[in-house]
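The values are calculated or read from the model by the stated rules, or taken from the named source; none is laboratory data. None of the values given here were measured: they were computed from a predicted structure. Cβ placement follows ideal geometry from the backbone for every residue including glycine, while neighbour counts extend to all protein chains displayed. What goes into the accessible areas is simple: the full protein's heavy atoms, side chains included, and nothing from ligands, DNA or RNA. Shrake-Rupley method; radii C 1.70, N 1.55, O 1.52, S 1.80 Å.
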Amino acid sequence: MAHEALHDHPVFAALLRHDLSEQSYFDAIEVFFHLFSGAEERRMQSGLFGQFHLRRQTSALRADIGCRRSERPGSHFCIPDHHGAPFLLGVLYVCHGSGFGGNVIARRTSLFLPGVPAAFFGLPVRADTWRQMATEMEAFGRKEADRSHLLDGALYAFNWVTSFADRVAAGRGDPSRDLTMRRQTQEISDSHKPGVET
């Protein structure tokens, strides 16, 4: 449900509109930039899942966004240290999976905004990487606790994207919907602190 709701979010729905504007395009790029750069930073710090790195994506996003990067409140995506490998894998699943619609968006961008840098959306999802990820997730999913953490990691990423996209769309610091998303994200975060049962 969290994933499906993003399709209707104004920041992302704008990418498929015939009146796609340059501002709307870069609003979406900004969200992806902060998600991917934060997720890759945490992956590198953890030393885990080198086969699922996000270097191609973060490099393309840096090229696309250029000097338009913002420092809005909450723009840096981060995963607290106490979250383990299954949680991180859930986040990486969201990042890699987001690329499946990229070719459609890249074509529309070239049609409606010719000349706008679109390296990120033009990146294909690598079939071998996606198969490896599915295998890894199935391995973690054999244990109920790990499966729960996988799902929580994915939900954490979807909720953060929604929350930050709300701020981008509103152009201000704290819309009411964002407060709801922060509460949901905090509940997930609290459930994985040491000594807290899930």
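Annotations
- Gyration tensor (alpha-carbon) shape descriptor, the range 58-156, a/c threshold 1.5: oblate
- ARG142, ARG68, ARG131, ranked by accessible area, largest first (probe 1.4 Å): ARG142, ARG131, ARG68
- Heavy-atom accessible area ranking, 1.4 Å probe, most first, across THR135, THR109: THR135, THR109
- Two-site label geometry, GLU22 and ASN103: point separation in nm, points 7 Å out along Cα→Cβ: 2.9 nm
- Here the range 44-115 and the range 1-41 have alpha carbon centers that stand 11 Å from each other.
- Relative contact order computed over the range 1-160 (Cα-Cα under 8 Å; 6+ residues apart), in percent: 28 percent
- Accessible surface, per residue, of the chain when the full set of protein chains is kept, probe 1.4 Å, Å²: 51 Å²
- Computed FRET value (nearest 0.05) for ARG142 with HIS7, which takes r as the C-beta separation and R₀ as 25 Å: 0.20
- Nearest-10 value in Å² for the accessible area of ASP8, using the 1.4 Å probe: 120 Å²
- Classification of the range 75-117 by its C-alpha gyration tensor yields an oblate form. The axis ratio a/c (a ≥ b ≥ c) is 1.5 or more, and b/c is at least a/b.
- Computed from Cα positions, the angle between helix 22-46 and the longest principal axis of the chain comes to roughly 30 degrees.
- The C-alpha atoms of the chain define a longest principal axis, and helix 127-140 lies at about 30 degrees to it.
- Residue order by solvent-accessible surface for HIS34, HIS53 is HIS53, HIS34, largest first, with ligands and nucleic acids left out and a 1.4 Å probe.
- Here the range 1-123 has 56 percent of its accessible surface on carbon and sulfur atoms, given a 1.4 Å probe and all protein chains in place.
- Overall form of the range 103-177 per C-alpha gyration tensor (a/c, 1.5; a/b vs b/c): oblate
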